[in-house]
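*Asks:* The structure's right below; bear with me while I get my questions together.
The values are calculated or read from the model by the stated rules, or taken from the named source; none is laboratory data. Here the structure is a predicted model, which is why all the values come from computation and not from measurement. Glycine also receives a Cβ, built like all others from the backbone with ideal geometry; neighbour counts cover every protein chain displayed. All accessible areas refer to the heavy atoms of the entire protein, side chains included, with ligands and DNA or RNA removed. Shrake-Rupley method; radii C 1.70, N 1.55, O 1.52, S 1.80 Å.
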Amino acid sequence: MAAMSTKPCSTHDSPKPRIHYERRRPEETALYRIVQENVDTFFAQVEAESGSPLPADTFFAQVEAESGSPLPAFVKDEFDAFLDCGILSRGFSRLKCGSCRHEKIVAHSCKKRGICSACGARRMAETAAHLVDHVFPDVPVRQWVLSLPIPLRYLLASHPEMLGPVLEIVDRAISSFLIKKAGLMRREAKTGAVTFIQRFGSAAGNLNIHFHSLVIDGVYRLRGDKPTFQYVAAPTTEEMARLVERIAKRMMKLLARRGYLIEEEGVGYLEAGEGDEALGPLQAAACSYRIALGPRRGRKVWSIKMAEAQEDS
């Protein structure tokens, strides 16, 4: 049902480099040129190919849309904003230093949360600084990463309202594990964590919903007026396996209650239900590493690992 890994994190301050502003030139990047050259073709193919037959016996084929439907407006808005982000002709501010009168031109940004790597990186840096300076106490922190099987990734992508309940199960399982490992009960201790839901994998077009949780590497004992921190040793391989099994069982119960896990003749399978007619096949292809459009639609995406395997054979 799931896989999990952990690694220690550091929240210590690093030496601050000298600040130098260099204007970003997105039009010179490979990602910008690819989007600019292919976005209109992409929109046209989505509308033309929705509902056409797909290869059988694949997860991609199981979620094929029944009728052609245009992409939601927010998808097109995201691409349009990305192509305008950082482009001077689309808007800029002229800044002048009050002391030395030096001037800089700063292009306007899209401030979107989708495909724009610049706005995403800035938000990531600002969030990390806020967590280190204002949220996490001066105690060890460990990163817990929970990955999910492909059908569950698609279900969470098409039904984002399930992310909260699933994350609640994960958070409670980890906190209970830490409290028990410290030799305490839940009423005697508290933990702390911040979780980021990541939607992409190692490739730009890979839809891979998984969780990155920053968890304090211990518990706070609730004894007296001031809670005291108690360090907890790193989990062993056996403990991780039992924890993953516990999370998987609780997720299966949740999915069964919500009607997404169907059991027939002793075999259980996920039923994602109705999703967006245009986005559904694209999401399924992105989850399962398949090509979504064009003459090679439904085939596996060619990767370096596949090339190396072919050379070895």
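*Asks:* Can you give the Rg to Rh ratio of segment 99-216, both from alpha-carbon atoms, with Rh computed by the Kirkwood formula? Don't skip to the end; give the middle numbers.
*Replies:* Numbers: Rg = 18.7 Å, Rh = 17.2 Å.
Dividing the radius of gyration by the Kirkwood radius yields 1.09.
*Asks:* Under the rule of at least 5 residues apart or a separate chain, name every residue whose amide H is placed under 5 Å from the amide H of ASN206.
*Replies:* GLY201
*Asks:* For segment 166-171, what does the Karplus curve 6.51 cos²θ - 1.76 cosθ + 1.60, with θ = phi - 60°, yield as ³J(HN,Hα) per residue in whole Hz, taken in order and with x for Gly and Pro?
*Replies:* 5, 5, 4, 5, 4, 5
*Asks:* Order HIS210, HIS102, HIS134 by their accessible area, 1.4 angstrom probe, all chains in place, largest first.
*Replies:* Details: HIS210 20, HIS102 105, HIS134 140 Å².
I get HIS134, HIS102, HIS210, largest accessible area first.
*Asks:* Oh, and also: So what's the net charge close to PHE200: Lys and Arg +1, Asp and Glu -1, counting the other residues with Cβ under 13 Å from its Cβ?
*Replies:* That works out to +3.
*Asks:* Next question, about the same structure. Which entries of LYS180/LYS249; LYS76/LYS111; LYS253/LYS300 have Cα-Cα distances beyond 26 Å here? Don't skip to the end; give the middle numbers.
*Replies:* Details: LYS180/LYS249 19 Å; LYS76/LYS111 15 Å; LYS253/LYS300 32 Å.
From LYS180/LYS249; LYS76/LYS111; LYS253/LYS300, over 26 Å: LYS253/LYS300.
*Asks:* Set the Förster distance to 35 Å, then compute FRET efficiency between VAL194 and ALA256 from the Cβ-Cβ distance, nearest 0.05.
*Replies:* Working: r = 29 Å, r/R0 = 0.84.
The computed FRET efficiency comes out at 0.75.
*Asks:* Roughly how compact is segment 162-255, stated as its Cα Rg over 2.2 N^0.38 Å to two decimals? Don't skip to the end; give the middle numbers.
*Replies:* Numbers: Rg = 15.2 Å, N = 94, 2.2 N^0.38 = 12.4 Å.
Dividing the Cα radius of gyration by 2.2 N^0.38 Å gives 1.23.
*Asks:* Quick one: order TYR21, TYR32, TYR260 from most to least accessible surface, probe 1.4 Å.
*Replies:* Details: TYR21 90, TYR32 15, TYR260 35 Å².
Descending accessible area places them as TYR21, TYR260, TYR32.
*Asks:* Hey, could you grab the Kirkwood Rh for segment 143-193? Inverse mean 1/r over distinct alpha carbon pairs, Å, one decimal.
*Replies:* On the way: mean 1/r = 0.0797 Å⁻¹.
The Cα-based Kirkwood calculation yields 12.6 Å.
*Asks:* Further question: Quick one: accessible surface of VAL39, probe radius 1.4 Å, all protein chains present, in square angstrom to the nearest 10.
*Replies:* The accessible area comes out at roughly 10 Å².
*Asks:* Round to the nearest 10 and report in Å² the accessible area of ASP80, as given by a 1.4 Å probe over the protein chains' heavy atoms.
*Replies:* About 80 Å², rounded to the nearest 10.
*Asks:* Under unit Cβ charges (Lys, Arg +1; Asp, Glu -1), what dipole magnitude, rounded to 20 debye, does segment 140-233 have relative to its Cα centre? Write down the numbers at each step before the final one.
*Replies:* Numbers: 12 positive and 6 negative charges, 71 e Å.
For segment 140-233, the charge dipole is close to 340 debye.
*Asks:* Can I ask one more? Ordering TRP302, TRP144 by accessible area with a probe of 1.4 Å, largest first, what comes out? Walk me through the numbers before you get to the answer.
*Replies:* On the way: TRP302 140, TRP144 5 Å².
Heavy-atom accessible area, descending, gives TRP302, TRP144.
*Asks:* Relative contact order (percent) for segment 80-187, with alpha-carbon contacts under 8 angstrom and 6 or more residues of separation?
*Replies:* On the way: 60 pairs, mean separation 15.2, N = 108.
It rounds to 14 percent for segment 80-187.
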